[in-house]
Amino acid sequence: MKPTLTSKSIISFFLLLIITNTAISQTSSNNNGMSFMSTPTLMSGTALSVGAKYKFTDVYPGTSAVVTIVSSTGGASVVMLDDNNLTKPEAFSPRINVPGNSNGLVEFKIEFFQGNGVMTYPRTIDTVRVTAMDIDGNAQLHEVDALNMGPGSVVSYFMNTLEIEVVQTGNEFKATNIGGNEYDAVDTSAKQVMFTLMNTNINQFTYKVGANNLAVDAVARQKGNYFKGFNYVSVLPVKYYSFTATSNDQSVLLNWITESEINNSHYEVERSFDGNKFSIVGTAAANSKKEYDFTDASNSLKENTMAYYRLKQVDVDGKFTYSNILSLRLKINADVKMQVSPNPFVEAITTRFMATEKGKAEIRIMNVKGQLVSNKVINIIKGYNNIQIDGLSSLPSGIFIANLIVNGTSIASQQIIK
């Protein structure tokens with residue numbers, strides 16, 4: 001006997017069907033990569049300003065995305081919301097302007113919604129992978145990218161390189177360029193300057209992007225947020241233990257020690273006087289001791305006040321990688337009472353200064369609130385002196401003041417950035 005469908009059972013069936021379809025439409029299946037190739041449309045607010053909301057359609061099957069410019073710090077601004085000409089077109093690729101002598105960031109909020117019409121229901125994606133690309137820089141500029149995908153996020157990157165430093169604060173993972181090397185393309189060809197964050201069952205995340213700009217002039221930087229994951233498990237040809245540079249009135253001595261070397265052919269020592277254009281000043285063949293020294297005694301050192309050095313490590317097959325960049329002052333001008341390097345710093349700084357008499361000197365590191373966070377006192381001689389402070393890796397990123405006190409008198413202060 002056929003069952004009889006009552007009006008009540010028919011209504012219940014369609015209600016169940018509607019509820020089931022809604023639940024399915026609000027949660028995506030496997031995320032194999034999203035695409036932000038569609039032209040963004042301004043939904044509300046002033047274009048390229050804080051508070052502006054943009055809509056991207058078809059970022060994923062049945063999914064649209066809303067990008068909001070949440071905030072701006074350090075004078076940073078959005079030049080173009082999504083520039084597909086200089087990077088992977090499917091990436092979200094804002095172009096950011098950072099003023100001179102500024103640590104500027106712009107924060108974006110990316111939200112996913114069901115469908116491409118009227119956005120009513122948030123779209124939960126079961127697996128989201130976002131890769132921040134091309135976090136590079138030079139001696140006077142270090143790019144910064146940060147991602148926050150909520151609790152349970154998993155980060156991956158080349159942890160044993162000297163190119164980027166990734167720090168977790170709460171649920172945010174912030175990568176800062178420390179290598180100071182420029183890479184031509186804004187893509188995944190240079191994995192050493194990118195990192196990937198992954199999480200499950202999310203419908204939004206935040207993306208901060210900008211740079212520590214130590215130069216006088218403002219600079220525009222192209223960024224790229226690529227919605228795919230990558231395998232960072234590999235063996236690098238060289239792992240550095242240390243790389244240092246010291247100077248006197250006549251020359252600069254470079255020293256570096258490596259922990260491991262694989263298929264290493266030689267090193268090319270490169271020098272720059274502006275932090276951007278480097279040229280080869282010498283080479284060093286690989287050796288079994290993994291300890292190296294190089295002396296630069298060029299006459300051009302006497303004509304400049306600053307020098308920048310980096311190592312180009314070359315494999316036997318011709319492939320190469322760069323070390324971080326070292327900067328050092330060759331001479332102290334009469335109106336410069338001290339020089340702190342590196343700046344920005346990661347875990348240590350060295351203060352170089354001229355003393356008119358022997359005695360004691362103290363270098364104090366204070367935060368922007370004037371609180372002392374580290375200090376060191378040494379005996380000094382008449383003439384050039386150096387004070388090195390280690391153990392600064394635990395300090396949060398930001399701006400600090402280095403204050404030099406010689407024989408009880410404050411001689412000079414300098415702003416430094418971590």
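Points to keep in mind about this one:
- Residue match in the stretch 126-138 (condition: touching a residue at least 24 places away in the same chain (Cβ under 8 Å), polar (S, T, N, Q), buried (at least 22 other Cβ atoms within 10 Å of the Cβ) and over 18 Å from V59 (Cα atoms)): yes
- Residues of the stretch 309-332 satisfying the condition of being surrounded by 15 or more Cβ atoms within 10 Å (Cβ to Cβ), out of contact with any Lys or Arg (no Cβ under 7 Å at 6 or more places or on another chain) and modelled with pLDDT of 85 or more: R310, L311, K312, Q313, V314, D315
- Residues located in the stretch 157-187, provided they are crowded, with 21+ Cβ neighbours inside 10 Å, without any contact (Cβ under 8 Å) to a residue 60 or more places away in the chain and out of contact with any His (no Cβ under 7 Å at 6 or more places or on another chain): I164, F173, A175
- Among the candidates E172, E182, residue that is of a type in the set (D, E, K, R) and within 13 Å of the chain's Cα centre (by Cα): E182
- Filtering the stretch 353-402 to residues that are open to solvent by 70 Å² or more (accessible area, probe 1.4 Å), more than 23 Å from the chain's Cα centre (by Cα) and either of a type in the set (A, V, I, L, M) or within 24 Å of N212 (Cα to Cα) (or both) leaves M354, R364, K369, Q371, L372, V377, I381, Q388.
- Remark: S29 falls outside the filter, which requires a residue to be modelled with pLDDT under 95, among the hydroxyl-bearing types (S, T, Y) and over 27 Å from F227 (Cα atoms).
- Residues that are under 13 Å from A146 (Cβ atoms) and among the β-branched types (V, I, T) within the stretch 199-232 comprise T206, V209, listed in sequence order.
- Scanning the stretch 134-148 for residues that are in a strand (DSSP E or B) and either among the hydroxyl-bearing types (S, T, Y) or at pLDDT 95 or above (or both) yields a total of 6.
- Within the stretch 167-195, the set of residues being assigned to a strand (DSSP E or B) and of a type in the set (S, T, Y) comprises T169, T176.
- Qualifying residues in the stretch 289-308 (those that are at pLDDT 90 or above and among the small types (G, A, S)) - the one most open to solvent (accessible area, probe 1.4 Å): A297
- Members of the stretch 74-87 found to be over 17 Å from the mean Cα position of the chain (by Cα), more than 19 Å from K55 (Cα to Cα) and part of a loop (DSSP other than H, G, I, E, B), listed by number: G75, N85, L86
- Only residues that are closer than 29 Å to A215 by Cβ and open to solvent by 10 Å² or more (accessible area, probe 1.4 Å) were counted across the stretch 145-156, and they come to 1.
Conditions (1) in a loop (DSSP other than H, G, I, E, B); (2) among the aliphatic types (A, V, I, L, M), marked per residue:
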| site | (1), (2) |
| --- | --- |
| L197 | no, yes |
| K208 | no, no |
| N231 | yes, no |
| Y241 | no, no |
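- Which numbered condition T244 fails, given (1) within 25 Å of E347 (Cβ to Cβ); (2) among the hydroxyl-bearing types (S, T, Y); (3) touching a Lys or Arg at 6+ places or on another chain (Cβ under 7 Å): (3)
- Looking only at the stretch 64-87, and only at residues there that are over 21 Å from F205 (Cα atoms) and touching a Ser or Thr at 6+ places or on another chain (Cβ under 6 Å), the one that is least open to solvent (accessible area, probe 1.4 Å): T87
The values are calculated or read from the model by the stated rules, or taken from the named source; none is laboratory data. Small disclaimer: the values here were computed from a predicted structure and weren't measured. Note: ideal-geometry Cβ built from the backbone for every residue, glycine included; neighbour counts use all protein chains shown. Just the protein is used for accessible areas: all its heavy atoms, side chains included, with ligands, DNA and RNA removed. Shrake-Rupley method; radii C 1.70, N 1.55, O 1.52, S 1.80 Å.
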